[in-house]
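*Asks:* Can you keep this structure in mind? I'll have questions shortly.
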Amino acid sequence: MLPAWLQDELETVPEIAVFSTADELAEELTRLHERHPDVTTLRRIGTSRLGDPLLCLTIGSAGEDALVFGLPHPNEPIGGLTALHLARRLCEDDVLRERLGHRWHVISCIDPDGLRLNHGWLKGPFTREHYARNFYRPAGDEQIEWTFPLDYKTAYFDAVLPETAALMRLIDQVRPALMCSLHNTEVGGAYYYLSRPEPELHGVLQEIPERLGLSLDRGEPESPSMEQFADGIFRMPDIETLYDYHVAHDDPMPEKFGGNSSHSYARSYGTLTLLSELPHWDDARVSDASPSTTSYADLLREQAAGFRELVTWMEDILAATGDALTPTSAFVRASRYYARAMGPAPDGIEKRAAEPASQRPATVAEVASLSDSVHMFRLRYAGMLLRALDAELGIGNATPAIRSAQAKLARQYDAWIAEAEEGSSMVQIPIRSLVASQYAALVATADHLNRAR
């Protein structure tokens, strides 16, 4: 189903050995403007919380506007490389610019502060352990993607971050016809979010990752509230939908998000938003929709038990260290947030397990995605808490409580690392394939919109 021009675009992505740092992403965006001043403008759209300039490269001068930004979550660096490759191709190829239409606004990194806290794993080795031990993801009210204004029923948020405010101003200025927030996940397969169904585009999006040797993820969605358009393609989530789902199921509203998303902010302009999720490690099982011999309800109960164990560990460690931890530490803030935010999750999952619809065999894909979710959250959030404790020891805040908590959590974390690796069928995906898949989805969507005009 892939047209010849799109197959050719896949071949334009070079081999890539490592991910780029915050400085490298900004420097390359600047160099592109210096090389192509005739078709680009470069401007500062804002300033990060720690003082870095936020740069936007505009390419072309005709057509409706398209907005692309990388690193809306700072542990997701594929999008920075995708944004740079897109900008490079648009600068260099007049025919491609004409085909895709649009005036392009490209931000290679919207969260340089957060990306710096992931620098420890960006150059490899690309093992899951090295990634997890150097991982950072902000607390919900510090995530740029989820700090747009929100006023829905009893949910309210207006503590907009400076980086989010910069995106809001840009969205209001250009009113994009297309917006791509560049994300990635960790393990499994590729999947997409669209703000509205685009049936003519779905087949192309599904084929792109498989053409590059990636699995299309047919496993458990990120939330049971997600509306599925096609295999591996879901409606873009927003807080309103999540809110109503939890109210309908008599669950407390999760504290996972601070505010609403970039999609929710841009939708008043009729923007088509694409979000493509790519994993660092592929698990071919996530494409297998055949039934397994495992009960779906039992899988949910196992997931709930795993989450409950993690929450208990985090709560106990944080209680034991108390006010001794440095409150301004990004790792401390994130650890306290995720311990609190994950607290209600096990009860909600157990409720789902008791529903009649859950009394069925799980698919092979669901077995893979549900079981790995426990490993993923253990390694992510316990890993950040361990980084918080290590940092306290590093600055000399070595109280007996912190020393004891660090030693205890380090032993348990080693055990969780070993458990995640035992019997793992994951395969590391070449960075080039990840960037090519995300890039192809982006330009295919732009071409689809341009031809539909």
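Laboratory data are not the source of any read-out in this text; all were calculated from the coordinates shown. Just so it is clear, the model here is predicted, and its values are computed rather than measured. Cβ placement follows ideal geometry from the backbone for every residue including glycine, while neighbour counts extend to all protein chains displayed.
*Asks:* What dipole magnitude, in Debye to the nearest 20, does the range 163-260 give about its Cα centre under +1 on Lys/Arg Cβ and -1 on Asp/Glu Cβ?
*Replies:* Details: 7 positive and 18 negative charges, 84 e Å.
The calculation lands at about 400 debye.
*Asks:* With a/c under 1.5 counting as rounded, go ahead and sort the range 60-190 into rounded, prolate or oblate using the C-alpha gyration tensor (a ≥ b ≥ c being the square roots of the eigenvalues; past the cut-off, prolate if a/b is larger than b/c, else oblate).
*Replies:* On the way: a/c = 2.34, a/b = 1.16, b/c = 2.01.
Oblate, because a/c is 1.5 or more while a/b does not exceed b/c.
*Asks:* For a quick protection proxy, order the peptides 110-119, 406-415 by their average other-Cβ count within 10 Å, most packed first. Each step should come with its number before you reach the end.
*Replies:* Values: 110-119: 24.0, 406-415: 14.6.
Averaged packing, sorted descending, gives the order 110-119, 406-415.
*Asks:* Let a ≥ b ≥ c be the square roots of the eigenvalues of the Cα gyration tensor of the range 200-262; is it rounded (a/c under 1.5), or, if not, prolate (a/b larger than b/c) or oblate? Don't skip to the answer; put the middle values down first.
*Replies:* On the way: a/c = 2.60, a/b = 2.42, b/c = 1.08.
It is prolate, given that a/c is not under 1.5 and a/b is the larger ratio.
*Asks:* Cα centroids of the range 128-169 and the range 58-72: how far apart, whole angstrom?
*Replies:* Answer, in whole Å: 22.
*Asks:* Could you give the size of the charge dipole of the chain about its Cα centre, using +1 on the Cβ of each K and R and -1 on the Cβ of each D and E, expressed in debye and rounded to the nearest 20?
*Replies:* It comes to approximately 680 debye.
*Asks:* With the calculation restricted to Cα positions, what are the radius of gyration and Dmax of the range 1-95 in angstrom?
*Replies:* Cα radius of gyration and Dmax of the range 1-95 are 14.3, 46 Å respectively.
*Asks:* Could you tell me the extents of the range 293-409's C-alpha atoms along the three principal axes, largest first, rounded to whole Å?
*Replies:* Sorted largest first, the three principal extents are 53, 21, 21 Å.
*Asks:* With n ≥ 4 as the cut-off for DSSP H runs, can you work out [θ] at 222 nm for the chain, using -39500 (n - 2.57) per run divided by the number of residues, rounded to the nearest 500? Before the final figure, lay out each step's value.
*Replies:* On the way: 18 runs with 217 residues, N = 453.
The per-residue figure over the chain is -15000 deg cm²/dmol.
*Asks:* Right, next: As a test, work out the antiparallel percent of DSSP beta bridges whose residues both lie in the chain, rounded to the nearest 5.
*Replies:* Working: 24 of 43 bridges.
Close to 55 percent.
*Asks:* Looking at MET168, LEU2, ILE45, which one has the Cα that reaches farthest to the positive end of the dipole of the chain (charges on Cβ: Lys, Arg +1; Asp, Glu -1)?
*Replies:* The one lying farthest along the dipole's positive direction is ILE45.
*Asks:* If R₀ is 56 angstrom, what is the calculated FRET efficiency for the pair TRP5 and GLU309, using the beta carbon separation as r and rounding to 0.05? Could the numbers behind the result be given before it?
*Replies:* Working: r = 50 Å, r/R0 = 0.90.
About 0.65, to the nearest 0.05.
*Asks:* To two decimal places, what compactness ratio does the chain give when its Cα radius of gyration is scaled by 2.2 N^0.38 Å?
*Replies:* Working: Rg = 21.6 Å, N = 453, 2.2 N^0.38 = 22.5 Å.
Ratio of Rg to 2.2 N^0.38 Å for the chain: 0.96.
*Asks:* Then there is this: Can you give the extra length, in nm with one decimal, that the chain gains between ARG453 and ASP94 once fully stretched, where that is 0.36 nm per residue apart less the Cα-Cα distance?
*Replies:* Numbers: separation 359, 0.36 × 359 = 129.24 nm, distance 2.00 nm.
Full-extension gain reported as 127.2 nm.
*Asks:* Restricting to Cα atoms and excluding each atom paired with itself, what does the Kirkwood estimate give for the range 186-296 in Å?
*Replies:* That comes to 15.4 Å for the range 186-296.
*Asks:* May I ask you to list the aspartates and glutamates whose Cα is less than 20 Å away from that of LYS123, ignoring any residue fewer than eight positions away on the same chain?
*Replies:* GLU15, ASP23, GLU24, GLU27, GLU28, GLU76, ASP111, ASP113, GLU186, ASP282
*Asks:* Give me the distance in nm between label points sitting 7 Å out from Cα along the Cα-to-Cβ direction at ASP347 and ARG31, one decimal.
*Replies:* So the two model labels end up 5.4 nm from each other.
*Asks:* Something else about it: Can you give the Rg and Dmax of the range 360-453 based on its C-alpha atoms, in angstrom?
*Replies:* 20.9, 66
*Asks:* Then there is this: Once the piece of chain linking TYR156 and SER425 is laid out straight, how much longer is it, given 0.36 nm per residue of separation minus the C-alpha distance between them?
*Replies:* Numbers: separation 269, 0.36 × 269 = 96.84 nm, distance 4.22 nm.
92.6 nm is the gain from fully extending TYR156 to SER425.
*Asks:* Towards the positive end of the charge dipole of the chain, with charges on Cβ (+1 Lys, Arg; -1 Asp, Glu), say which of ALA418, LEU71, ALA17 has the farthest Cα.
*Replies:* Farthest towards the positive end: LEU71.
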